[in-house]
Structure formats: structure tokens, C-alpha cells
Amino acid sequence: MTSRYEHLTRLLTERLNVAPDTVHPDATLADLGLDSLAIAELTMSLQDDWHVDLEAVSTPPETTLTHLLTLADTAPPATT
């Protein structure tokens, strides 16, 4: 797995208390039990950590971890 996937996994399990055995590339944010507030916290953390702009990106609960990584990989750099 990529370092971004490993970082995402750590955020989910350590900061958002997601059970490690539920985290896999095809898991959706809903599968992981994330509500809209947790999804917002996750995307803000990813923006800060990866220096990308995810503000305009929609991350509904049906977003898989693989899709979230793709969104981050294609997002423009943060401007601050």
C-alpha cells in the first residue's frame, strides 16, 4: 500500500476510533461508521497533512477509501 493509504488508515483508527479490521480499500466512509462531522474532520486533516485542497470535493458517505485517495491525488495543491 501507499504511504498515503497507511496515513489514512492511521487517521481513521487512531483519531476517529475506527476498528482496524473494518478498514480496507473498498470500505466506504459509511461502512466505517463515519458521520458527516467525522467525514469533515477527516477531509480537513487530509488537507492539512497532504497540503491539498479538498474544499470543493464532495465526500459523501458512499465514498470508498480508494476513491478518497484518488480525489486527494488529483486535488490541486493547497494555496496557503
Problem - Within region 49-66, tally of residues that are out of contact with any Pro (no Cβ under 8 Å at 6 or more places or on another chain) and surrounded by 13 or more Cβ atoms within 10 Å (Cβ to Cβ) - result: 7
Handout entry: Candidate set: region 6-48, residues that are over 23 Å from T79 (Cα atoms) and of a type in the set (S, T, Y); chosen: the one most open to solvent (accessible area, probe 1.4 Å)
Key = S36
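The values are calculated or read from the model by the stated rules, or taken from the named source; none is laboratory data. It should be emphasised that the depicted structure is a prediction, and the values quoted were computed from it without experimental measurement. Cβ: placed from backbone, ideal geometry, glycine included. Neighbour counts: every protein chain shown. Quick note on the areas: whole protein, heavy atoms, side chains included, nothing else; ligands and nucleic acids left out. Shrake-Rupley method; radii C 1.70, N 1.55, O 1.52, S 1.80 Å.
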